[in-house]
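**Q** My questions all concern the structure below.
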Amino acid sequence: MGVKSDGWIRKMATEHGMIEPFVDGQVRDGAISYGLSAYGYDIRVSDEFKVFTNVFNSVVDPKNFDDKSFVEIKAGYCMIPPNSFALARTVEYFRIPRSTITLCVGKSTYARCGIIVNVTPFEPEWEGFVTLEISNTTPLPAKIYANEGIAQVLFFEADEMCEVSYADKKGKYQKQVGITPPKV
């Protein structure tokens, strides 16, 4: 298994629809960079956010998720309160090949501001918009810019095909289209 280069990512995105919309190269001009890089793809956060709040004294329970745990925001940026977090989604829709798995890591620009992006691997044959968890670890409010870079996806291709893909097991987050809270 090895990490894939920009040429492989470009081919998979343009010929097989692995990333839509696909930006062929890095966009920087006053933005937190996004698009194709040497060994990965810098994803963008959309303008949809769910910011967690304790206004209704809800409990965050993955088996019984209460939508009153957060407030929904659709804007050009999102302010995450100190020591809190938000859910968001990518601008890009992904279709992961059966021979591929990904890892996603936060961008250094946000990491240097105490912002941590948590994303689970995109499993073989998973597809959808990626739900992002963005944590503000600082004692100050943090500003997250919509439609700009938030994290980098690294693609790894296996030496052989997996026996059971995410599509085969009918994964509960398959083809998600919005910010998807936990499901059991």
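The values are calculated or read from the model by the stated rules, or taken from the named source; none is laboratory data. These numbers come from a predicted model, not from an experiment. Please note: Cβ atoms are built from the backbone with ideal geometry, for glycine as well, and neighbour counts cover all protein chains shown.
**Q** Tell me which of these residue 97 doesn't satisfy, since it passes every other one: (1) in contact with a helix residue (DSSP H, G or I) (Cβ under 7 Å, 6 or more places away or on another chain); (2) of a type outside the set (A, V, I, L, M); (3) closer than 26 Å to residue 141 by Cβ.
**A** Result: residue 97 passes all but (3).
**Q** Report, by residue number, each residue of region 105-120 that is closer than 14 Å to residue 173 by Cβ and either touching a His at 6+ places or on another chain (Cβ under 7 Å) or surrounded by 15 or more Cβ atoms within 10 Å (Cβ to Cβ) (or both).
**A** Within region 105-120, 119 is the sole residue that qualifies.
**Q** Quick one: how many residues across region 27-46 are among the hydroxyl-bearing types (Ser, Thr, Tyr) and under 11 Å from residue 10 (Cα atoms)?
**A** Selection size over region 27-46: 3.
**Q** Could you run through region 35-88 and say how many residues are assigned to a loop (DSSP other than H, G, I, E, B) and in contact (Cβ under 8 Å) with a residue 12 or more places away in the chain?
**A** Of the residues in region 35-88, 13 are assigned to a loop (DSSP other than H, G, I, E, B) and in contact (Cβ under 8 Å) with a residue 12 or more places away in the chain.
Quick grid of which residues meet (1) within 23 Å of residue 35 (Cα to Cα); (2) under 14 Å from the mean Cα position of the chain (by Cα); (3) outside any loop (DSSP other than H, G, I, E, B):
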| residue | (1), (2), (3) |
| --- | --- |
| 104 | yes, yes, yes |
| 153 | yes, yes, yes |
| 156 | yes, no, yes |
| 166 | no, no, no |
| 180 | no, yes, no |
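**Q** Related question: Report the residue count in region 95-120 for those that are under 25 Å from residue 157 (Cα atoms), in contact with a Ser or Thr (Cβ under 7 Å, 6 or more places away or on another chain) and among the β-branched types (Val, Ile, Thr).
**A** 1
**Q** What number of residues in region 1-58 are at pLDDT 95 or above, among the aromatic types (Phe, Trp, Tyr) and more than 18 Å from the chain's Cα centre (by Cα)?
**A** 1
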